[in-house]
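Here you go, one structure.
We did not get these values from a lab; they are worked out from the coordinates using the rules stated. Values in this document were obtained by computation on a predicted structure and should not be read as measured data. Glycine also receives a Cβ, built like all others from the backbone with ideal geometry; neighbour counts cover every protein chain displayed.
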């Protein structure tokens with residue numbers, strides 16, 4: 001039985017049957033082309049993440065408000081801000097692509113890198129978490145507590161009346177009642 005294919009101009013042509021060896025050679029060539037493309041893709045993404053970190057600082061630090069660098073780059077390059085963020089974390093976690101290959105030899109595509117990123121010590125935060133959801137929650141609480149501390153610094157510089165002081169004291173005591181025992185905090189209230 002002969003194999004036929006239709007060309008672009010509509011004529012039928014006989015297609016050769018490939019031997020098993022020829023099929024394997026062709027697939028090897030396809031793999032080589034595909035791997036080279038992925039390698040170039042990872043090189044580009046790593047380079048972009050590294051450049052962004054060089055200019056903006058590590059992804060562990062928030063980008064200053066008002067600059068909107070990632071948003072501007074996103075508009076111009078038609079790449080989502082979240083992708084830029086992942087590129088930054090990629091470059092942050094690996095000092096080079098050689099390090100990625102040495103530590104994770106089976107990770108060869110951007111999709112595989114993206115799947116790996118959440119597993120890498122909470123994306124730069126100290127300590128490993130058993131679940132990404134828990135790590136995100138801890139990170140969110142930490143960020144909120146830093147904001148509360150900054151607000152306290154501001155409000156304590158002002159003259160507070162007794163009702164305002166009492167409200168703040170009650171709120172802090174309530175929070176301490178929740179966190180003191182599990183976090184093994186020893187707090188003395190004067």
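Please list 101-113, 165-177, 41-53 highest first by mean number of surrounding beta-carbon atoms within 10 Å per residue.
With the highest mean Cβ count within 10 Å placed first, the list reads 41-53, 101-113, 165-177.
Also: With 10 angstrom as the radius, rank 19, 188, 60 by how many other C-beta atoms surround their C-beta, starting from the fewest.
With the fewest neighbours first, 19, 188, 60 line up as 188, 19, 60.
A further question follows. Relative contact order of the stretch 18-124, please, whole-number percent, based on alpha carbon pairs below 8 angstrom and at least 6 residues apart.
Once divided by the residue count of the stretch 18-124, the mean separation gives 34 percent.
With the radius of gyration and the Kirkwood radius both derived from the Cα set of the stretch 18-124, what is their ratio Rg to Rh?
1.10
Could you tell me the calculated FRET efficiency between residue 186 and residue 141, based on Cβ-Cβ distance and R0 = 22 angstrom, to the nearest 0.05?
0.60
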